[in-house]
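Q: Could you have a look at this structure, given as structure tokens, before my questions?
Taken together, the values in this text are just the output of simple stated rules run on the coordinates, not laboratory data. Keep in mind it's a predicted model, so treat the numbers as computed, not measured. Please note: Cβ atoms are built from the backbone with ideal geometry, for glycine as well, and neighbour counts cover all protein chains shown.
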Amino acid sequence: MAAIISLKIVLAVLDVMDDIPLLLPSFELIGIAYATWATFRYLLKASTRQELITKIRLLKEQFLGNQ
């Protein structure tokens, strides 16, 4: 029952956010800016790609435990 109520609240909030004129385009711009930053920060150089791989492995170990 709580899940249904939570889902209805989330859908209502998303509907309200959809009606605000500049909110969704600003979220899109923020997403594009973050994706661009992450690309330049982690994917262009081999050393930073290795840093990203290390961070991902550490996160996997934290969530899944040591294997």
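Q: If you stretched the chain out fully between ILE4 and LEU64, how much longer would it get, using 0.36 nm times the residue separation minus the C-alpha to C-alpha distance?
A: Between ILE4 and LEU64, full extension yields 18.7 nm more.
Q: Here is a follow-up. How big is the charge dipole of the chain about its Cα centre, in debye rounded to the nearest 20, if each Lys and Arg gets +1 on its Cβ and each Asp and Glu gets -1 on its Cβ?
A: For the chain, the charge dipole is close to 540 debye.
Q: With r defined as the distance between the Cβ atoms of LEU52 and LEU29 and R0 fixed at 30 Å, what FRET efficiency is calculated, to the nearest 0.05?
A: The pair LEU52/LEU29 has a calculated efficiency of 0.80.
Q: Considering only DSSP states other than H, G, I, E and B, which trypsin sites (Lys or Arg not before Pro) in region 1-47 qualify as loop sites with at most 14 other Cβ atoms within 10 Å?
A: Within region 1-47, the qualifying trypsin sites (Lys or Arg not before Pro) (loop, at most 14 other Cβ atoms within 10 Å) are LYS45.
Q: Please find the FRET efficiency linking ARG41 to MET17, where r is the Cβ-Cβ separation and R0 is fixed at 22 Å, and quote it to the nearest 0.05.
A: Calculated value: 0.20.
Q: With unit charges on the beta carbons (Lys and Arg positive, Asp and Glu negative) and the dipole taken about the Cα centre of region 21-67, which residue among PHE27, LEU59, TRP37 sits farthest to the positive side?
A: Positive-most Cα among the choices belongs to LEU59.
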